[in-house]
1. Past the 14 angstrom mark, what percentage of all C-alpha to C-alpha distances in region 192-263 do you count?
2. Any chance you could check the Cα centroid distance between region 24-98 and region 216-262 for me, in angstrom?
3. Relative to the compact-globule scaling 2.2 N^0.38 Å, provide the ratio for the alpha-carbon radius of gyration of region 1-141.
4. Among DSSP beta bridges whose residues both lie in the chain, state the antiparallel percentage, nearest 5.
5. Any chance you could run the full-extension gain for residue 362 through residue 48? It's 0.36 nm times the residue separation minus the Cα-Cα distance, nm to one decimal.
6. With N set to the residue count of the chain, report its C-alpha Rg divided by 2.2 N^0.38 Å to two decimal places.
7. Largest first and in whole Å, what are the equivalent-ellipsoid semi-axes of region 242-312 based on the Cα gyration tensor, each being the root of 5 times an eigenvalue?
8. Express in % the proportion of alpha carbon pairs of region 22-86 at distances exceeding 20 Å.
């Protein structure tokens with residue numbers, strides 16, 4: 001099958017960019033012919049302002065996509081992010097040329113910020129409604145004009161039925177994300193659950209209980225919850241080491257707090273991250289927003305690690321209720337202290353690690369992901 005992936009990359013590479021890259025490699029290794037049409041939002045102010053001004057409908061982006069499709073002649077087109085240089089206009093162009101599959105990586109079709117957050121707290125004010133609350137509260141980059149453009153784009157394409165009428169199959173990363181998108185008006189029968197996947201890191205050389213290291217991996221920003229985790233870590237006063245892997249806008253501020261027994265590793269290649277996870281006792285994912293499916297959690301499950309996670313939305317769904325001792329309430333530092341202290345039980349640490357490895361093998365392997373993708377493409381082209 002000939003598959004064209006279309007994706008608007010983020011200026012700071014993140015999970016969505018990794019998913020597109022890994023998906024291309026997965027499909028190519030299975031014998032499919034895969035090409036990518038990638039766009040990047042301009043970095044300079046003038047270019048970014050110009051591109052944002054035409055974000056509801058970018059004719060230049062449509063022309064570039066048209067040329068690529070004409071030259072490649074795909075059997076199916078797999079869309080990912082279109083915000084904001086590509087614009088939703090490319091959905092119309094793509095649908096004229098081949099069946100379209102769209103992965104819902106975040107909540108942007110129901111929230112102009114894409115994350116169901118406002119002023120650092122959970123928010124669902126625009127879910128299933130017009131996005132004007134998000135405009136009034138300047139939810140996109142905390143600026144009125146960009147928020148108005150984002151709101152206008154979302155409102156216009158709801159009115160035009162762009163996604164509802166031009167996409168054959170939607171892939172939501174979790175059942176929770178699917179439920180929100182259906183509430184926002186997408187046709188339930190065409191929204192399928194397609195969980196993220198990660199490569200198998202191989203067997204552990206020792207059980208998690210032999211280690212005294214807890215790992216955090218992710219973007220160091222407010223919604224990822226590292227600040228809350230550091231508060232809990234300091235109060236818990238464990239005889240363990242917290243290793244922080246990643247970078248982001250809060251890295252300098254949080255690093256300056258000098259919390260005891262914390263090592264800052266910065267950004268690491270994925271191979272080194274997997275090595276760290278295979279040698280760790282647990283992975284902490286203290287996200288304070290409705291995650292899609294964080295690749296980090298899947299990587300921890302693949303490494304047979306217990307995952308300490310926020311009992312919230314898709315993240316809670318991914319790790320499961322069975323990991324009870326390591327689930328903590330949203331925004332509750334005391335509950336995170338309790339979850340960290342639960343890591344002192346070696347038997348539970350190893351048992352939950354084995355449970356999550358089994359969950360990974362059933363749902364999050366490349367083989368399972370390939371089967372789901374191929375089924376979605378067959379459904380779209382039927």
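Quick note: the coordinates plus some simple rules give every number you see, no bench work behind them. This one's a predicted model, so the numbers in the text were calculated from it and none came from an experiment. Here the Cβ is made from the backbone with ideal geometry for all residues, glycine too, and neighbour counts use every protein chain on show.
1. Values: 1710 of 2556 pairs.
So the pairs more than 14 Å apart make up 67 percent of the total in region 192-263.
2. About 37 Å separates the Cα centre of region 24-98 from the one of region 216-262.
3. 1.11
4. 5
5. Values: separation 314, 0.36 × 314 = 113.04 nm, distance 4.25 nm.
Full extension of this stretch gives 108.8 nm more.
6. Details: Rg = 20.9 Å, N = 382, 2.2 N^0.38 = 21.1 Å.
For the chain, the normalised Cα radius of gyration comes out at 0.99.
7. Details: eigenvalues 77, 51, 29 Å².
One finds semi-axes of 20, 16, 12 Å for region 242-312.
8. Counting every Cα pair in region 22-86, those more than 20 Å apart make up 38 percent.
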